[in-house]
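Here, each number is a calculation from the coordinates, and none is a lab measurement. Please read all numbers here as calculations on a predicted model, not as lab measurements. Virtual Cβ from ideal backbone geometry, glycine too; neighbours counted across all protein chains shown.
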Amino acid sequence: MSKLWDWDFAFKCAPLLAEAAVVTVQATLLAYLISLAGGLVFAIARRNAPPRVSRVVTESVEVIRTTPLLVQIYFLYFVGPQFGFDIPAWTAGLLALGIHYSCYTAEVYRAGLANVNRGQWEAATALNFGAFRTYWSIVLPQAIPPMIPMLGNYLISMFKETPLLSVISIIEIMARAKLIGNEYYRYTEPVTLVGIFFLVVSLVSAKAISVAEHKLNPKERRNVR
């Protein structure tokens, strides 16, 4: 009977998993940027676009939010080419992950924008500010700080969803662990190391988000004290 844990094998796995971890982090950060930008566009479109456009955006967001991310990844990569969207696996994975979570960040943005005092909007109108300047200079600086916790939670959730990208042959850290296990018929070490990686990165990210929240919300910090 083989021993439950082999340190030599664990150290052998570590460099391979570290290389794949870079792919996981890259996919998370790039898809998160897509989700932040896409969510803001969706939120502003629902608020300011003509009624027909707003309705289409609203329905599209609901459809994406209520269907599984795995189905969307398959659809974009395998069904997309039938409609002329023949894109590489890496691009398809990032788009699927980013667009899926942009529909969640859109709701966060929408709540944050609604939370801005109406007087701020009226002041921008009185000063003859355009829509872009109103959002960029007045509304978003006030709306974003309270959103930090929820936007940060979606970053961590997205990070934990990256193993789904393996279904379209993107070798992130979990896919690498399975390949190592299949090759050596030992799964304990690689899968445990992957679990530790996700745990550590998630905890560090949560702490960083908490620090950012307190830095950007000094009034809330004083109230807590």
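A few points about this structure:
- Of the residues 24, 120, 73, the one whose Cα sits farthest toward the positive end of the charge dipole of the chain, with +1 on the Cβ of Lys and Arg and -1 on the Cβ of Asp and Glu, is 120.
- Cα-based helix-to-principal-axis angle, 7-48 vs the chain, degrees rounded to 10: 20
- Here the contact order of the chain, divided by its residue count and restricted to Cα pairs under 8 Å and six or more residues apart, works out to 29 percent.
- Added length on full extension, which subtracts the Cα-Cα distance from 0.36 nm per residue, residue 41 to residue 5: 8.0 nm
- For residue 120, the shell of other residues with beta-carbons less than 15 Å away shows a net charge of +2, using +1 for Lys and Arg and -1 for Asp and Glu.
- For the stretch 7-224, the tally of Lys pairs with Cα-Cα distances below 24 Å comes to 5, considering only residues 8 or more apart or on different chains.
- Between 0 and 90°, nearest 10: helix 173-184 axis offset from the chain longest Cα axis: 10
- Helix 140-161 and the longest principal axis of the C-alpha atoms of the chain enclose an angle of approximately 20°.
- Modelled this way, with points 7 Å down the Cα-to-C-beta line, the labels at residue 78 and residue 30 are 2.3 nm from one another.
- By the helix-only formula, in which each DSSP H run with n ≥ 4 contributes -39500 (n - 2.57) and the sum is divided by residues, the chain has a 222 nm mean residue ellipticity of -25500 deg cm²/dmol.
- Dipole magnitude of the stretch 7-224 about its Cα centre (Cβ charges: Lys, Arg +1; Asp, Glu -1), debye to nearest 20: 740
- Histogrammed with a bin width of 5 Å, the alpha carbon distances of the chain distribute as 1, 6, 12, 14, 15, 14, 12, 10, 7, 5, 3, 1, 1, 0, 0, 0 percent, first bin at zero.
- A cut-off under 12 angstrom between Cβ atoms defines the neighbours of residue 26, and their net charge, with Lys, Arg +1 and Asp, Glu -1, is -2.
- Cα shape, the stretch 158-213, gyration tensor, a/c 1.5 rule: oblate
- A simple rule links phi to the HN-Hα coupling: the Karplus curve 6.51 cos²θ - 1.76 cosθ + 1.60 with θ = phi - 60°, which for the stretch 192-202 gives 5, 4, 5, x, 5, 4, 5, 5, 5, 5, 5 Hz, with x for Gly and Pro.
- Net charge of Cβ neighbours under 13 Å - reference residue 189; Lys, Arg +1; Asp, Glu -1: +2
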